[in-house]
């Protein structure tokens, strides 16, 4: 007989929460099961070193039941330790839940995707006899301006059951809720003043939700959270692997993101003083992997030749099918994908910047954990996806972290000093993506690294002493110290290592190479009036630094601008405009997909683009 599993209490220091952990589960698994996000870029393999915890009370053991000692900084990796009894732990990562500014979201006028129409029905009598179903049809015929499709109205059992309840008291008014002019629900009385929708941008790293008042076409609350799927891998490839390598992996990943969406819905409603039942429609934009996972559809075809997505379009879903806690008669619309790894977030972004109807050539670059790029002039559109990688989010960077409190966001290297800007009123913990790009650009500008990305060790003797002393060799690897341990939050140096620079070279080369191949699809000599940087990272990156390291080949500073969360903005636009939804469907067919790895000469060009540009002024 199998012995009963021991279950221990797991207390989180600083939080009024108590979780439980089975003896056979790692601390990381227990945290995930309890809805606690902890970054684990390697998918729990123990190689990334991100899921650090401190054990304040109790003991932990390895998988063989042997007690182990903490690392020098007194931390353990949550993915590698198991409880030996009740525990009290301290998480080493900031748990992020951010409220956005509604003023940053641009909306457009139009006929909403979902709307309400108020009818004044004439009830049947003995002398004037007809069915109640026909009564609704008569009322719609008398109100042709409503635009609601009268054909086959209320011809299913669900709607008929609603009709039975609605007419019980013979209300003076009956409200029809219509999606794309098709009735989906009936309500007692005039409820037209209450109509909300939620738009989501599901990113690999961050999930953003926006609550829209569809009676005013305004975004009334915004909320973002870390994507909890990151506990099973930093990038889409690792998460795809988790769907078939881990038992129940697909279901777990789907449940994680659905739970996250419901958490965001709850916070959106609380901020706007709205109930979940007042949300009738949800639009979802996300990269192809995220779209598959939220639907609990295997994305495995994306990593097998010919790297095709399983679907492009999907019909509107009920909230029950998606386990979303909104009005039970509402609808969930996952926007159409384009091809392979270019998903519905790109579709939404194209709509947001009107690239599909542009009168002049435009380049759209969405910088995130995955990098998608689209080039076009309204008549022709070409798109590609690059492995921009989680380096922009701090993954695979030794001291990398998300853009939360304690993250270095800006770096300036002068002749005798290094100045850093840290997010929040606290000491530095690590460095985020925008800070890394700025730091590398500053190292290049100062002559501390050469165009190949190597530290200038031989020339270091000519640097001012304060800079020279920051260049150190640790365990055979050169690094440049940005913040000394005595000034950091954890007592350890925060540095840019040689390996970190290599990660940034890989990222910038993939983006640069993708842009070059896209530009070759356009007529020679095409002049681009605008380069739109989308995505959270694209909104915060220092554009001068990105140009300095060669990320945007051939483009001048004045042509490059940030457009914020274009994917989320596009998802909002669809909620408030049926015309935008129609454009999304057309875009998914219109865009020509470019598989970069299959392009002749791709490998050689990628390797060539690893180097930084040579025309960099030296400040020392």
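The values are calculated or read from the model by the stated rules, or taken from the named source; none is laboratory data. Since the model is a prediction, treat every value here as computed from it, not as a measurement. Because the Cβ atoms are built from the backbone with ideal geometry, glycine has one as well, and the counts that use them run over all protein chains shown.
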Q. For the range 266-297, how many residues are at negative phi and over 19 Å from the mean Cα position of the chain (by Cα)?
A. 12
Q.
So, in the range 192-203, exactly how many residues are crowded, with 24+ Cβ neighbours inside 10 Å and not in a strand (DSSP E or B)?
A. 1
Q: Please go through the range 506-529 and pick out each residue that is more than 23 Å from the chain's Cα centre (by Cα) and part of a helix (DSSP H, G or I).
A: 513, 516, 517, 518, 519
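Residue by residue, here is whether (1) outside any loop (DSSP other than H, G, I, E, B); (2) modelled with pLDDT under 70; (3) touching a helix residue (DSSP H, G or I) at 6+ places or on another chain (Cβ under 9 Å) holds:
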site: 16; (1), (2), (3): no, yes, no
site: 28; (1), (2), (3): yes, no, yes
site: 41; (1), (2), (3): no, yes, yes
site: 56; (1), (2), (3): yes, no, no
site: 94; (1), (2), (3): no, yes, no
Q: Sort through 539, 592, 609, 569 and tell me the only one that's touching a strand residue (DSSP E or B) at 6+ places or on another chain (Cβ under 6 Å) and within 30 Å of residue 438 (Cα to Cα).
A: 539
Q) From the list 420, 374, which residue is buried (at least 24 other Cβ atoms within 10 Å of the Cβ) and in contact with a helix residue (DSSP H, G or I) (Cβ under 9 Å, 6 or more places away or on another chain)? A) 374
Q: Quick one: count up the residues across the range 384-429 that are at pLDDT 90 or above and closer than 15 Å to residue 368 by Cβ.
A: 2
(Q) Could you go through the range 590-607 and let me know if any residue there is within 30 Å of residue 148 (Cα to Cα), free of Cβ contacts under 8 Å to residues at least 12 places away in the same chain and assigned to a helix (DSSP H, G or I). (A) no
Q. How many residues are touching a strand residue (DSSP E or B) at 6+ places or on another chain (Cβ under 6 Å) and not in a helix (DSSP H, G or I) when one looks only at the range 454-471?
A. 3
Q. Among the listed residues 492, 499, which satisfies the condition of being touching a strand residue (DSSP E or B) at 6+ places or on another chain (Cβ under 8 Å), surrounded by fewer than 17 Cβ atoms within 10 Å (Cβ to Cβ) and either part of a helix (DSSP H, G or I) or touching a residue at least 60 places away in the same chain (Cβ under 8 Å) (or both)?
A. 499
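Conditions (1) modelled with pLDDT under 95; (2) in the same structural domain as residue 370 (by TED's automatic domain parsing); (3) part of a helix (DSSP H, G or I), marked per residue:
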position	(1), (2), (3)
283	no, no, no
293	no, no, yes
302	yes, no, yes
308	yes, no, no
320	no, no, yes
329	yes, no, no
Q: Take the range 409-453 and flag every residue that is under 20 Å from residue 493 (Cα atoms) and in a loop (DSSP other than H, G, I, E, B).
A: 414, 416, 417, 423, 424, 425, 426, 427, 429, 432, 448
Q | Unique match (being closer than 19 Å to residue 114 by Cα and modelled with pLDDT under 90) among 180, 156 | A | 180
(Q) Only one of 88, 125, 175 is more than 29 Å from the chain's Cα centre (by Cα), in a strand (DSSP E or B) and modelled with pLDDT of 90 or more. Can you tell me which? (A) 175
Q: Go over the candidates 219, 207, 236, 177 one by one and state the one that is touching a helix residue (DSSP H, G or I) at 6+ places or on another chain (Cβ under 7 Å), farther than 24 Å from residue 255 by Cα, buried (at least 21 other Cβ atoms within 10 Å of the Cβ) and outside the structural domain of residue 371 (by TED's automatic domain parsing).
A: 219
Q) Does residue 324 satisfy the condition of being under 21 Å from residue 205 (Cα atoms) and either not assigned by TED's automatic domain parsing to the domain that holds residue 207 or not in a loop (DSSP other than H, G, I, E, B) (or both)? A) no
Q: Would you check if there is a residue in the range 543-562 being under 21 Å from the mean Cα position of the chain (by Cα), at pLDDT below 95 and outside any helix (DSSP H, G or I)?
A: yes
Q.
Anything in the range 228-244 that is in a loop (DSSP other than H, G, I, E, B) and modelled with pLDDT of 90 or more? List them, or say none.
A. none
Q: Residues being closer than 23 Å to residue 303 by Cα and out of contact with any helix residue (DSSP H, G or I) (no Cβ under 6 Å at 6 or more places or on another chain): count how many of those fall in the range 245-266.
A: 7
